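Single-structure report; data block below.
The values are calculated or read from the model by the stated rules, or taken from the named source; none is laboratory data. Computed from a prediction, not measured in an experiment: that's the story for all the values here. So basically every Cβ, Gly included, is an ideal-geometry build from the backbone, and we count neighbours across all protein chains shown. Areas reflect the complete protein model, heavy atoms only, side chains present, ligands, DNA and RNA absent. Shrake-Rupley method; radii C 1.70, N 1.55, O 1.52, S 1.80 Å.
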Amino acid sequence: MKRRISVTLCAVLSAVVLAACGTKGAEEPASEQEAVSEQISEESDNAAEEEPTPTESIEEVDREVTPAADFSTNDISDEEQEDLEDTFTAGTSQNDAATISLGTKVSGTIESGAYAWFAFTTGDTESATYNITFVNTTVGTDDLQGYLFDEYGTQLGMGNAGSDGTPETIAADELAADTTYYVRLNPWGDETLNYTLIIQDPNKTASAESTANETSDTQNSMLDPQENLSADEIIPGSSQKDAVLIPLGTKVFGTVESDTYVWFAFATGKNAKTTYNITFVNASTETNDLQGYLFDEYGTEIGRKNAGNDGTPATISTDQLTPNTTYYVRLNPWGSETLDYSVVVKDPNAENTAYKTVGSFSEARGETVSESDGSIVAGTNQNDAVLLPMETNVSGQVKSKTSAWFGFTTGENTDITYKITFVNATEGTYDLQGYLFDEYGNELGRSNAGNDGTPATINAEELSSNTTYYIRLNPWGNEDLDYTLIIKAPVEEEEENPLVFETPFEINETQVQFVINEATFIDEGKAKEVLKPVAEAILAYPDHSILIAGTTATDGTQESCVDLSIRRAEAVKKLLVDTYGVPESQLQLVGLGYELDPFERGADRDANGKFVESEGKKNRRVVILDIDDPIAQELLKINK
């Protein structure tokens, strides 16, 4: 008798973005307003006109959480499934065991000291494996015990489901055909527990790949991420049963309370042997680790990592996931502490060649971010690392038991060595440690700076072009240390006519929001504030022409969205001209809609073409760049 952990899915979602509404065979998307309205529940109909602001806190959001998967694989409707779960009553002994159909999830509550009995009948196939999967959905309790018996009371298998929400599965592969067997669930301790139970039909799971392909459309239609919330407002599940689906590439922020668990889900794409990176950060200093786990639908652990309190990401990386399948991520504190976290799931192979933009004006212009005395406030983890331009000497102090985080972005050339040089400016102390990481927390180099003032340097070779890397500085001992830091690269020949914006500057939803389906600013005062340094930079170079490119979410026809996007560009131009006196002759406009948008976009369409608002509002934006920028020249050719 073999035993393994298992859970059956009702839904599978592929995080694929529709490249354009005009794709053959695809249904043309509705307008931005219509797309959003279709998804919002009845109790929030009136909110369809308003985008949630990024400053809303999780506590302020009062929405029904839609789970990522529902365990059900039979062909009953959502309403019938909900009625079944609400009205189902388990037996109290084998004599009155409640009969359940294979592939049907049931949920219920078992009182302290009581037992829940169920019965199922095998099919006519010999040597089939039946997976009896159950979940303890009550956090902070003792285990939920599960047993499998034959009609004579002979125990054929058992398992325990802990309170962390991970499913437990009894896998039985020696059951007789056309025979009734019995399942008993009961609390291990003196507590009342909520549970879910499903017994998988082996005849419907003979081929994992074929089953995924056959059922993906039906299952995807039953899945909904919390599409109306921004990434820092998504409310995770507390068990695998109610794990919240997040799109690939979307970083989610939140807090996990002491002695609790947060659950997320993601869906793989159609390609096999794809590497998926699940990256999470413990954003709380001076705490124990944040633990992260990856599970398949059956609760089988695929990988685990710990993220320490120094802000370095931990990444679970695997290329062994099945295509078109949902997998689950669990995060929890190692100790009895409440931790802030971020989590993102990426498929590096799926990252497109879209141009990157920046949302920091100083980074767009390549200016120093330091104050006049060279001091700055460093980040405490990789998420809030301070991006440094090359050749910028910064200084500061890193406190005992904390870390100082910085980032830098490489240029086009891949055959150069970047030198990260730092100094421990505090005498009579232990060393200052320095590390270089990529975005996944992989260490690429390290060095120590002693207390004699001698610089330490990390020589970084073979770095990818146009990529951000991260530096962490921290004391080796329990002391506060003063430091200096500078990043150098070989000097490239200066352009005769330098760009006003070295990198395209994106005015996006984090700074300026447009009303859905309109070219009107939600907050014009905020828009003016963001555009002030932009106007000053343009005015400082009166001989430079600037291109303002508008984009939209993937809604409506491309033709209508081109019109909308150029009106958004005009709205930005009007503020620059009317408020700050930028000459109209210095500004050119282009409307890209969504099909012609060459910049990195939010994945605002799921595998079924359904609109994902939290991603869509990232695409209601304008991008400002020099006419002389090769990207701008491309855009002008396309839009002739």
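A few notes on this one:
- Enumeration of residues in region 252-275 that are more than 16 Å from D289 (Cβ to Cβ) and crowded, with 24+ Cβ neighbours inside 10 Å: V252, W263, F264, A265, F266, A267
- Every condition in (1) within 14 Å of G299 (Cα to Cα); (2) under 32 Å from the mean Cα position of the chain (by Cα) is met by G140 except one, and the failing one is (1).
- The combined condition, being farther than 16 Å from I631 by Cα and open to solvent by less than 50 Å² (accessible area, probe 1.4 Å), is not fulfilled by V590.
- Lone unmet requirement of (1) under 23 Å from D597 (Cβ atoms); (2) out of contact with any strand residue (DSSP E or B) (no Cβ under 8 Å at 6 or more places or on another chain) for K528: (1)
- Enumeration of residues in region 386-424 that are open to solvent by 10 Å² or more (accessible area, probe 1.4 Å), in contact with a Ser or Thr (Cβ under 6 Å, 6 or more places away or on another chain) and either without any contact (Cβ under 8 Å) to a residue 24 or more places away in the chain or among the small types (G, A, S) (or both): S395, G396
- Any hit, region 513-536, residues being over 17 Å from K618 (Cβ atoms), open to solvent by 10 Å² or more (accessible area, probe 1.4 Å), of a type in the set (V, I, T) and in a loop (DSSP other than H, G, I, E, B): yes
- So G189, is it touching a residue at least 40 places away in the same chain (Cβ under 8 Å), on the phi > 0 side of the Ramachandran plot, in a loop (DSSP other than H, G, I, E, B) and open to solvent by less than 20 Å² (accessible area, probe 1.4 Å): no
- Among residues of region 426-442, those that are open to solvent by 60 Å² or more (accessible area, probe 1.4 Å) and either touching a strand residue (DSSP E or B) at 6+ places or on another chain (Cβ under 6 Å) or free of Cβ contacts under 8 Å to residues at least 24 places away in the same chain (or both), counted: 1
- One residue alone among R605, R620, R567 is out of contact with any strand residue (DSSP E or B) (no Cβ under 6 Å at 6 or more places or on another chain), open to solvent by less than 30 Å² (accessible area, probe 1.4 Å) and of a type in the set (K, R), and that residue is R605.
Yes/no matrix, rows are residues, columns are (1) more than 32 Å from the chain's Cα centre (by Cα); (2) modelled with pLDDT under 90; (3) farther than 21 Å from N194 by Cα; (4) outside any helix (DSSP H, G or I):
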position	(1), (2), (3), (4)
I76	no, yes, yes, yes
T89	yes, yes, no, yes
G108	no, no, no, yes
I132	no, no, no, yes
E151	yes, no, yes, yes
G157	yes, no, yes, yes
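- Taken over region 603-624, the criterion of being touching a Ser or Thr at 6+ places or on another chain (Cβ under 8 Å), in a loop (DSSP other than H, G, I, E, B) and closer than 24 Å to N324 by Cβ is satisfied by A603, D604, D606, A607, N608.
- Annotation note: of Q226, Q291, Q219, the sole residue that is in a strand (DSSP E or B), out of contact with any helix residue (DSSP H, G or I) (no Cβ under 6 Å at 6 or more places or on another chain) and either at pLDDT below 90 or not small (G, A, S) (or both) is Q291.
- Yes/no for S112 being more than 24 Å from Y293 (Cβ to Cβ), free of Cβ contacts under 8 Å to residues at least 40 places away in the same chain and in a loop (DSSP other than H, G, I, E, B): no
- When region 471-488 is filtered for residues that are of a type outside the set (V, I, T), open to solvent by 40 Å² or more (accessible area, probe 1.4 Å) and part of a strand (DSSP E or B), the ones remaining, listed by number, are D482, K488.
- Candidate set: region 407-448, residues that are under 22 Å from K346 (Cβ atoms), in a strand (DSSP E or B) and not small (G, A, S); chosen: the one modelled with the lowest pLDDT: T409
- All positions within region 489-511 that are surrounded by 17 or more Cβ atoms within 10 Å (Cβ to Cβ) and at pLDDT 70 or above: A489, L499, V500, F501, E502, T503, P504, F505, E506, I507, N508
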